[in-house]
1. Between residues in the range 26-41 that are more than 17 Å from L93 (Cβ to Cβ) and touching a residue at least 24 places away in the same chain (Cβ under 8 Å) and residues that are among the hydrophobic types (A, V, I, L, M, F, W, C) and part of a helix (DSSP H, G or I), which pairs lie under 8 Å by C-beta distance while being six or more apart or on different chains?
2. Pick from the range 26-58 the residues that are among the acidic types (D, E) and part of a helix (DSSP H, G or I): which of them is modelled with the lowest pLDDT?
3. What number of residues within the range 72-94 are of a type in the set (A, V, I, L, M, F, W, C) and more than 24 Å from T27 (Cβ to Cβ)?
4. Hey, among the residues in the range 79-106 that are charged (D, E, K, R) and closer than 15 Å to D136 by Cβ, which one's surrounded by the fewest Cβ atoms within 10 Å (Cβ to Cβ)?
5. Quick one: how many residues across the range 62-99 are closer than 19 Å to T120 by Cβ and either among the small types (G, A, S) or under 10 Å from the mean Cα position of the chain (by Cα) (or both)?
6. Quick one: in the range 123-141, of everything that is at pLDDT 85 or above and not aliphatic (A, V, I, L, M), which residue is surrounded by the most Cβ atoms within 10 Å (Cβ to Cβ)?
7. Can you spot a residue in the range 97-120 that is without any contact (Cβ under 8 Å) to a residue 60 or more places away in the chain, part of a loop (DSSP other than H, G, I, E, B) and closer than 22 Å to P56 by Cβ?
Amino acid sequence: MKTNRLNYLKRFALLFPILILAIFAQTPDANIQSLIDRKEYFRAKDSLAVYAGQLPVEKSLYFGAILDNVFNLPAISNEKIRHCLEFSLSDTLVAELLKTKLNNDIRMNDYKSATVVTDTLLNRYIALLDSATRTDIANDGK
């Protein structure tokens, strides 16, 4: 009886991690977003390279644009944003892309485009922005 219990515990110990992974496994896009949210940009970039083929095109472009911005590639980031905005996206994703574009435009000294993006964010997506972000965007656009 003691041997049966021990065998049962051994099997359970081997299967438990697999069960946990199955229950709490993240999709590739949720995993990449989580890494970006935690500012683990190098890991996010590596994950994007691994899973890019499994993601919808718009998600791959979205993550690529965010990461290119982080790694100070504003022109490439803006090109990905331009392509990404051709897809039907949620307002939340569009607002995130526009905030990234604003940051890119300022880095590239393209203040005319930054002003247009600022106006769009403050007029069409203001409900999605917290008060601190609204203030920052309004100040950046001046």
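1. Partner pairs satisfying both residue conditions: Y41/L35; Y41/L67; Y41/V70.
2. Among residues in the range 26-58 that are among the acidic types (D, E) and part of a helix (DSSP H, G or I), the one modelled with the lowest pLDDT is D29.
3. So the count comes out to 3.
4. Out of the qualifying residues, it is E96.
5. 10
6. Once the filter is applied, the top-ranked residue is Y125.
7. Within the range 97-120, none of the residues are without any contact (Cβ under 8 Å) to a residue 60 or more places away in the chain, part of a loop (DSSP other than H, G, I, E, B) and closer than 22 Å to P56 by Cβ.
The values are calculated or read from the model by the stated rules, or taken from the named source; none is laboratory data. On a predicted model such as this, the values are computed, not experimentally measured, just so you know. A quick note on method: Cβ atoms are made from the backbone with ideal geometry, for glycine too, and the neighbour counts reach across all protein chains shown.
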